[in-house]
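What follows is a single structure, written as structure tokens, with notes after it.
The values are calculated or read from the model by the stated rules, or taken from the named source; none is laboratory data. Fair warning: this is a prediction, and the values are worked out from it, not measured in the lab. Cβ placement follows ideal geometry from the backbone for every residue including glycine, while neighbour counts extend to all protein chains displayed. Quick note on the areas: whole protein, heavy atoms, side chains included, nothing else; ligands and nucleic acids left out. Shrake-Rupley method; radii C 1.70, N 1.55, O 1.52, S 1.80 Å.
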Amino acid sequence: MNNNQGEVVKVSGPLVVARGLAGARMYEMVRVGEMRLFGEIIEIRGGDCSIQVYEETEGIGPGQPVFRTGEALSVELGPGLIRSIYDGVQRPLNDLNAKFGDFIVRGAESPALSRETQWTFEPAAKTGDKVASGDLLGTVQESKLVVHKIMVPAGVEGKITRIGPVTGNVDTRVAVIETANGPVDVTMVQRWPVRVGRPVKRKLPPTVPMTTGQRVIDMFFPMTQGGTACVPGPFGSGKTVVQHQLAKWANAQIIVYVGCGERGNEMTDVLMEFPELKDPDSGEPLMERTVLIANTSNMPVAAREASVFTGITIAEYFRDMGYSVALMADSTSRWAEAMREMSGRLEEMPGEEGYPAYLGSRIASFYERAGNVLCLGSDDRAGSLSLIGAVSPPGGDFSEPVVQATLRVVKVFWGLDDKLAFARHFPAINWLTSYSLYQEAVDKYANEHLDKGWQETRQRAMGILQREADLDELVRLVGMDALPVDDRLLMQAAKMIREDFLHQNAFDDRDTYTSLPKQFRLLNLILHFYDEARPALAQGVSLSALQGLDVLEDVARAKLIPEDNLNEFDRLKERITQAVAALPR
Amino acid sequence: MVTREYRTARNIIGPLILVEGVEGISYGELTDIKTAGQDALRRGKVLEVNGDKAVVQVFEGTSGLAPQDLSVKFLGKSQEIGVSADMLGRVFDGAGRPIDDGPPIIPEKWLNVNGSPMNPYARDYPNEFIQTGISTIDLLNTLVRGQKLPIFSASGLPHSRMAAQIARQAKVLKTGERFAVIFAAMGITFEESEFFIADFRRTGAIERAVLFINLADDPAIERISVPRMALTTAEFLAYEKGMHVLVILTDLTNYCEALREISAARKEVPGRRGYPGYLYTDLSSIYERAGRIKGKPGSITQFPVLTMPEDDKTHPIPDLTGYITEGQIILSRPIHAQGIYPPVDVLPSLSRLKDKGIGKGKTREDHADVMNQLYSAYARGKNAKELAVVLGESALSEEDLLFVKFADAFEGKFIRQGEDENRPIEESLAIGWSLLAMLPRESLKRVRDEYIEKYYPK
């Protein structure tokens, strides 16, 4: 028997143990059984290799062959990624559908990047140029929104001896580089092992906000380009809607959406909706900048474990071109559960709640692949990769291991609250428990670029909300009528902030996205009412008269004011001033 | 593959048998287990093979077995079910054998009960309204074709009656489409099972139904394969015969307990409350078999029923179910205690897919607005009631009192309905409007003015 072939000795669910794979390395890909199922070596004990298999293992038994491939689990990177939908190990689901039917059959194979699509390569370098890893060779117009940059692959350095415009599939040679070890042909496609982060020159601190068009996020708990965030919440609290909203409206140039162990119908929703929705900046369909990874809950659990790595490697590749990339993983709990399942089958000593002891370090190493970076290449381009992970804690209990391990590494916490969801307050992000460690950086940016009153406005509004929470407890004991009028006015202002600002309807065309200038004006408008009403109250105007002002109905509808008509806010402000002044004292 | 027979069973642990000295066995293979001197066969399935040892899970349980008397025959194939359109109108046991004195089924096809995951790319988005005739579902938590919407119930609540009512009344507003009901009972009592069979017979629904019955005193391990046989049959009827299939699974709690039993026998590291760490993955392999396929006429809609231990929604079974299914209908003990049927707890219930199945051309243009308004008014009424408990009714404002009255009327007229009362969606909407008429017109902020003009009772 040769070294490249061994045989199965044990099968337990997705775990297969094989013997006789001499020289096999950790995380090497293997093919298992006559059906040649995909698998990956995750443990080596003496001569026995434990393999996690990415497909259902029914019918595999001792004595069947196992083949080495010599390569770690890798993804194909090149033109054609955008608009694709892949499973957890980068098999194109649309091609599988066309070739193998409506259900996923085992052993099905199809190249990740189509070999039929023709791409036109435009060189950006010329013969004789000295180039190194990451240097730009040329570009391919991949979609209406994305110019795909063909870069010198890692480890290649030398002089270009041939380059020119060419049209062909991804395997077409676009350049020849004369290196110290002889000439290297460069095509439009390269491979990269998913468990290894792609190299960068160095990391930079995040400073620029990533706007999402979601008022509670952008104003109170902002995210930055290259930042990390998590969205934990019990079922029914709207995690997936928040993730979808971010995928739709975040101002990143590339979106990678990983549906990791979630519902099939939700992925279908994304697939049907994204080609219809328009990017607010360019007016092109959102699908033109999106890569989807769908490993639904009923698809093999080991491929689910791989799916987040497949996603992040694709995201890093686009980051290396100098793009701002955002990756949404829904949900990292399912990923952690996949790790737990494999760990249990390996009979490892469990940590908390049966999760493996390395849960924390795996989660940390995943989020650490985010960041603002200076890319490889001589042109010093900068790229960013932002990560947003949903977490689905059992019973909505945030003290469980996955939430806790995640909170140790992420900088933004959007805590979803099922009480808010039951009250149909969406997005159900609890404003009292959530936080963002990027607030300072974003305040600084917004003060400089948008309005110098940004930080002050935000802090005042948050102060009102926090005071409301304190007063609320009192109201529950003694009733609203027992509060002094100025506190009742504050309660009114808080209610307006909650209902007219924080509440945002993702399914209303006019309300689903709000730009930063409009967010600022809207919040300002509510505070303006409070500022006008307070002195009036002191002068003897009745609270009910203030609460009954007609203009408040227009404030409630102000969130629907179109983005191109923001002057309307100034008019509304003026009307508030006049209406309050006109009340009898 | 050749069949191989071994008399080398060594250990029996719970529902598992360890067979030694085997060769050429594969994972997931089906086995026949014979005891010397007995005719009855038991069925089993290979859960693990390690070298020459195989762990076999026995569906009928291991009581009365002795290792030295056993002969285990490996069949070289996985668990399959023979399916046919003739299964409609028939009753089967948990092993798929007819128990209604009818003739045996001549299969058109043999299918692996585990099915294959549907390619997400092949899925069609569920957006066709199913009318169940129950107002709290149709108007507030709308069910659509291809959805999985569980009932979270608790012991002593009338979930069976409700499930039977849905099976009886569910229809799509378009006519001329073929509809089937598949009923899978896992560990329910004889009485409950009789109730369903009698109800199906009484209403003639049995003609278009397939029943799989595993009773409380039937082997627990059989419960693992019951939902899979039911769903495999459903997939055949839906995607090969073009039928719209409603699958009722009851009670998933018993299913999960059977799973836990096997896991414990294998000495696996437990997750929460002793349930195996892969409970989520296992449940999803059942629930995710609901759906529609692009370009195919049929669909599978699931209505799983589960009883929450101690009425606790955070117990692993309802919790993990809620993470997979597209919403939940929660039954409430306090509402049941008021004598209201069906005792649906409206506020925490949810259908995630309702937005795409309602509105103009599907139900009626004002549906979404009426739904939101009823919700918010009922929530406000309930809040005011809670306040009244603490502070006394005198502390409520006049407006709050109005909402309290509304909440009571809502429970009495809208939630409450007869077990045989099949309300068309228009009627549910009309009741909704008549309740909203209790409130001043200007407080109906969630309804568009044009709809108030058109539908507000004069």
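To the nearest 10 square angstrom, how much accessible area does B:I324 have with a 1.4 angstrom probe? B:I324 exposes around 0 Å² with every protein chain in place.
With 19 Å as the limit, write out which pairs from A:K144/A:K278; A:K278/A:K444; B:K171/B:K356; A:K239/B:K354; A:K126/A:K159 have Cα-Cα distances beyond it, or answer none. Long pairs (Cα-Cα over 19 Å): A:K278/A:K444.
If you take the Cα centroid of the range A:324-381 and the Cα centroid of the range B:394-451, the two points sit 49 Å apart. Straight-line cross-link partners of A:K99 among the aspartates and glutamates, defined as a Cα under 13 Å from its Cα and at least 8 positions apart when in the same chain: A:E109.
Converting phi to 3J(HN,Hα) with the Karplus coefficients 6.51, -1.76 and 1.60 and the offset θ = phi - 60°, the range B:109-118 yields 7, 9, 10, 5, 5, 6, x, 10, x, 6 Hz in sequence order, with x at every glycine or proline.
Measuring nothing but how far apart in sequence close Cα pairs (under 8 Å, 6+ apart) lie, relative to its length, chain A scores a relative contact order of 13 percent. Put a plus charge on the Cβ of each Lys and Arg, a minus charge on the Cβ of each Asp and Glu, and nothing anywhere else: the dipole of the range A:5-72 about its Cα centre is then about 240 debye. Computed from the C-beta positions of B:R441 and A:N505 and an R0 of 22 Å, the FRET efficiency is 0.45 to the nearest 0.05. Within the range A:202-437, antiparallel bridges make up roughly 35 percent of the DSSP beta bridges whose residues both belong there. Ignoring lysines fewer than eight residues from B:K53 along the same chain, the ones with Cα atoms less than 21 angstrom from its Cα are A:K10, B:K34, B:K45, B:K73, B:K77, B:K267. A:T187 exposes around 40 Å² of accessible area when a 1.4 Å probe is run over every protein chain in place. Residues within the reach of a label modelled at B:F195 (point 7 angstrom out along Cα to beta-carbon, backbone nitrogen below 17 Å), restricted to the range B:129-163, are B:151-163.
For the peptide B:271-281, the mean number of other protein chain Cβ atoms found within 10 angstrom of a residue's Cβ is 6. Here the simple spin-label model places points 7 Å from the Cα toward Cβ, and for A:T69 and B:E240 these points are separated by 3.3 nm. Evaluating 6.51 cos²θ - 1.76 cosθ + 1.60 at θ = phi - 60° for every residue in the range B:329-342, the Karplus couplings come out as 9, 9, 8, 10, 5, x, 5, 4, 5, 7, x, 9, 10, x Hz, glycine and proline recorded as x. Check B:I248: other-chain or 5+ apart residues with amide H under 5 Å from its amide H, H built from backbone geometry? HN-HN under 5 Å from B:I248: B:I182, B:F183, B:A184, B:F303. Which Cα, out of B:F74, B:V447, B:S332, lies furthest along the positive dipole direction of chain B (beta carbon charges, K/R +1, D/E -1)? Working it through, the farthest residue towards the positive pole turns out to be B:V447. Report note on the peptides B:33-46, B:135-148: ranked by the mean count of other C-beta atoms within 10 Å, highest first, their order is B:135-148, B:33-46.
Remark: the range A:319-331, residue by residue, has Karplus-estimated 3J(HN,Hα) of 4, 5, 7, x, 8, 8, 10, 10, 10, 10, 10, 10, 9 Hz, where x stands for each Gly or Pro and the curve is 6.51 cos²θ - 1.76 cosθ + 1.60 at θ = phi - 60°. Label-to-label distance, B:T314 versus A:Q404, with points set 7 angstrom from Cα along the beta-carbon direction: 1.5 nm.
Which of rounded, prolate or oblate describes the range B:282-401 when judged by the alpha-carbon gyration tensor and an a/c cut-off of 1.5? Oblate, since a/c reaches 1.5 and b/c is not below a/b.
Amide H contacts of B:G76 (H built 1.01 Å from N, in plane; Pro and chain starts excluded): B:L30 sit under 5 Å, all sequence-distant by 5 or more or on other chains. The mean count of C-beta atoms from other chains within 10 Å of the C-beta of residues in A:479-486, rounded to a whole number, is 2. Computed with every protein chain present, the accessible area of A:V478 is close to 80 Å² [probe 1.4 Å].
Here the protein assembly as shown has 50 percent of its accessible surface on carbon and sulfur atoms, given a 1.4 Å probe and all protein chains in place.
Less than 5 angstrom separates the built amide H of A:V75 from those of A:W192, A:V194, all sequence-distant by 5 or more or on a different chain. Net charge dipole, the protein assembly as shown: roughly 1340 debye, given to the nearest 20, about the Cα centre with Cβ charges of +1 for Lys and Arg and -1 for Asp and Glu.
If R0 is taken as 22 Å, the Cβ-Cβ distance between B:S84 and B:D32 corresponds to a FRET efficiency of 0.45. The mean count of C-beta atoms from other chains within 10 Å of the C-beta of residues in A:95-103, rounded to a whole number, is 5. How would you classify the protein assembly as shown from its alpha-carbon gyration tensor, with a ≥ b ≥ c the square roots of the eigenvalues: rounded for a/c under 1.5, else prolate if a/b is greater than b/c, otherwise oblate? Oblate, because a/c is 1.5 or more while a/b does not exceed b/c.
Positive end of the dipole of the range A:202-437 (Cβ unit charges, origin at the Cα centre): among A:S392, A:V410, A:A247, the Cα lying farthest that way belongs to A:V410. If the chain linking B:E398 and B:A216 were pulled fully straight, counting 0.36 nm for each residue of separation and taking away their Cα-Cα distance, it would gain 60.2 nm.
The residues of chain B present an accessible area of 37 Å² per residue when probed at 1.4 Å with all protein chains retained.
Computed from the C-beta positions of A:Q459 and A:R575 and an R0 of 22 Å, the FRET efficiency is 0.25 to the nearest 0.05. Simple spin-label estimate for B:I13 and B:F179 gives 4.9 nm between the two label positions (7 Å along the Cα-to-Cβ direction from each Cα). Accessible surface buried by the B/A pair amounts to about 5300 Å², both sides summed, 1.4 Å probe.
Each part gets one Cα centre, and for the range A:201-275 versus the range B:194-236 those centres are 42 Å apart. With a ≥ b ≥ c taken as the square roots of the eigenvalues of the C-alpha gyration tensor of the range B:78-168, please select rounded if a/c is under 1.5 and otherwise prolate if a/b is larger than b/c or oblate if it is not? Oblate, since a/c reaches 1.5 and b/c is not below a/b.
Farthest towards the positive end of the charge dipole of the range A:1-114, among the residues A:A22, A:T57, A:L73, is the Cα of A:A22, using unit charges on the Cβ of Lys, Arg, Asp and Glu.
Between the alpha-carbon centres of the range B:22-77 and the range A:126-157 there is a gap of 60 Å. If both residues of a DSSP beta bridge must be in chain A, then about 70% of such bridges are antiparallel. Fully extending the segment from A:V147 to A:K99, taken as 0.36 nm per residue of separation minus the present Cα-Cα distance, adds 14.3 nm.
DSSP beta bridges fully contained in the protein assembly as shown are about 65 percent antiparallel.
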